[in-house]
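Peer 1: The structure is given below, and queries will be raised subsequently.
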Amino acid sequence: MALLEVEALNVRFASGDGPIAAVSDVSFTLNRGECLGIVGESGSGKSQTFLAALGLTASNGRVTGRAVFDGQDLLTMPAPALRRLRGDRLAMIFQDSTTSLTPHMRVGKQLMEVLMVHRGVSAAAARVQVLEMLTTVRMPEAERRFEMYPHEFSGGMRQRAMIAMGLLCKPDVLIADEPTTALDVTVQAQILSVLRSYKENSNAALVLITHDLGVVAGLTDRVMVMYGGRVVEDASTAQIFAAPRHPYTAALLRCRPSLAHDPEQDLVAIPGAPPDPRRLPQGCAFGPRCEKAVARCGAMPHLKPVGPAHEAACHLAEMA
């Protein structure tokens, strides 16, 4: 059952150098019990897509399209109603834990407020639930950390506090933006296990925004690849890894080191740099970096079916 349906989402920012096309014509459906991975290089529009859907776009941004959650369009919803949903039925774990926590408030109190505001529980009950959640996300010495301020936490502990905050109200949709970036490998595995268990036991939908293809392979059901603010491929995780149909997806997979990699051989890198969103190239944004580009790539390719439950925005994929 569809929980979130995004249709023709566009995000533009005003700047002194002209409009910035952060997100262009993005459409997708997120179902209950599904884990959707969003991958792509920095600046591809991954985070901006979901910030826009949650009404968190910067003041110089303009958002058009539709983002329907449980029958309600989030983009036209009155601000007070949207605030009631955020942190409750819709939650986002932000990438930058340093700026996501209020510096002058103890961490435990910040987490308690989530339950007290959205669920109306007492302070005593909120404290118990917060301590349980901090333990769940493997916060060391949870009771002592409860009384500490964000600056007394390591980056990894701040990230775990943000993950706990996102899970407290048991949201229907949890958006995790690079949730394991600041964590070591062991804790990363523990956190991913927590997220997997939450998705499976709650039948919630999970969005995982990440550059780590190993995390994608281990947790997601479906992958949406973004480049230059657009979706360039959308398919099941198994299809993406076994038979990518867009050259950019294939290039990302080639960049990934493996246990079979010859240490004497250099890793493959994608030539060039991501496009400037203020001056996107005509046609396919990946064209200038694509080793398979042809004259037809000067015209914008649109996302089209290239197989069962598999879409790609590539003229070559259409012709295959």
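Peer 1: Quick one: in the range 165-184, which of the residues that are within 15 Å of residue 211 (Cα to Cα) and modelled with pLDDT under 85 is surrounded by the most Cβ atoms within 10 Å (Cβ to Cβ)? Explain how you work it out, then say what you get.
Peer 2: Narrowing the range 165-184 to residues within 15 Å of residue 211 (Cα to Cα): 175-183.
When the remaining residues are screened for being modelled with pLDDT under 85, the result is 180-183.
Working: 180: 23, 181: 16, 182: 20, 183: 21.
Looking at residues that are within 15 Å of residue 211 (Cα to Cα) and modelled with pLDDT under 85, I get 180.
Peer 1: Now for a separate question. Could you count how many residues in the range 87-100 are closer than 19 Å to residue 195 by Cα and surrounded by fewer than 17 Cβ atoms within 10 Å (Cβ to Cβ)? Don't jump to the end; show me each part of the working.
Peer 2: Kept after step one, since they are closer than 19 Å to residue 195 by Cα, are these residues of the range 87-100: 87-97.
From the residues that got through so far, the ones that are surrounded by fewer than 17 Cβ atoms within 10 Å (Cβ to Cβ) too are 96.
Residues meeting the conditions: 1.
Peer 1: Considering each residue of the range 1-50, count those that are among the hydrophobic types (A, V, I, L, M, F, W, C), without any contact (Cβ under 8 Å) to a residue 60 or more places away in the chain and surrounded by fewer than 21 Cβ atoms within 10 Å (Cβ to Cβ), and give that number.
Peer 2: 5
Peer 1: If you take the residues in the range 60-103 that are assigned to a helix (DSSP H, G or I) and under 17 Å from the mean Cα position of the chain (by Cα), which one is modelled with the highest pLDDT?
Peer 2: Among residues in the range 60-103 that are assigned to a helix (DSSP H, G or I) and under 17 Å from the mean Cα position of the chain (by Cα), the one modelled with the highest pLDDT is 100.
Peer 1: Please work out which one of (1) of a type in the set (Gly, Ala, Ser); (2) farther than 27 Å from residue 275 by Cα; (3) surrounded by fewer than 18 Cβ atoms within 10 Å (Cβ to Cβ) is the condition residue 204 fails and give its number.
Peer 2: Going through (1) of a type in the set (Gly, Ala, Ser); (2) farther than 27 Å from residue 275 by Cα; (3) surrounded by fewer than 18 Cβ atoms within 10 Å (Cβ to Cβ) one by one, residue 204 breaks only (3).
Peer 1: Within the range 270-313, which residues are closer than 26 Å to residue 239 by Cβ, assigned to a helix (DSSP H, G or I) and in contact with a Pro (Cβ under 8 Å, 6 or more places away or on another chain)?
Peer 2: Residues satisfying the conditions are 287, 289.
Peer 1: Still on this structure: Looking at (1) closer than 24 Å to residue 235 by Cα; (2) without any contact (Cβ under 8 Å) to a residue 24 or more places away in the chain, which one does residue 152 not meet, given that it meets all the others?
Peer 2: (1)
Peer 1: Could you list, ordered by first residue, the pairs with Cβ atoms under 6 Å in which the first is in the range 65-79 and under 20 Å from residue 24 (Cα atoms) and without any contact (Cβ under 8 Å) to a residue 24 or more places away in the chain and the second is outside any loop (DSSP other than H, G, I, E, B) and of a type in the set (Lys, Arg), at least 6 apart or interchain?
Peer 2: Going by the 6 Å Cβ cut-off, the qualifying pairs are 73/66.
Peer 1: Let me ask another. Applying the selection to the range 269-307, what residues are basic (Lys, Arg), in contact with a strand residue (DSSP E or B) (Cβ under 9 Å, 6 or more places away or on another chain) and closer than 14 Å to residue 228 by Cβ?
Peer 2: As a first pass, look at the range 269-307 and keep what is basic (Lys, Arg): 278-279, 289, 292, 296, 304.
Filter once more, so that each one left must be in contact with a strand residue (DSSP E or B) (Cβ under 9 Å, 6 or more places away or on another chain): 278, 304.
Correct list: 278 only.
The values are calculated or read from the model by the stated rules, or taken from the named source; none is laboratory data. Since the model is a prediction, treat every value here as computed from it, not as a measurement. Because the Cβ atoms are built from the backbone with ideal geometry, glycine has one as well, and the counts that use them run over all protein chains shown.
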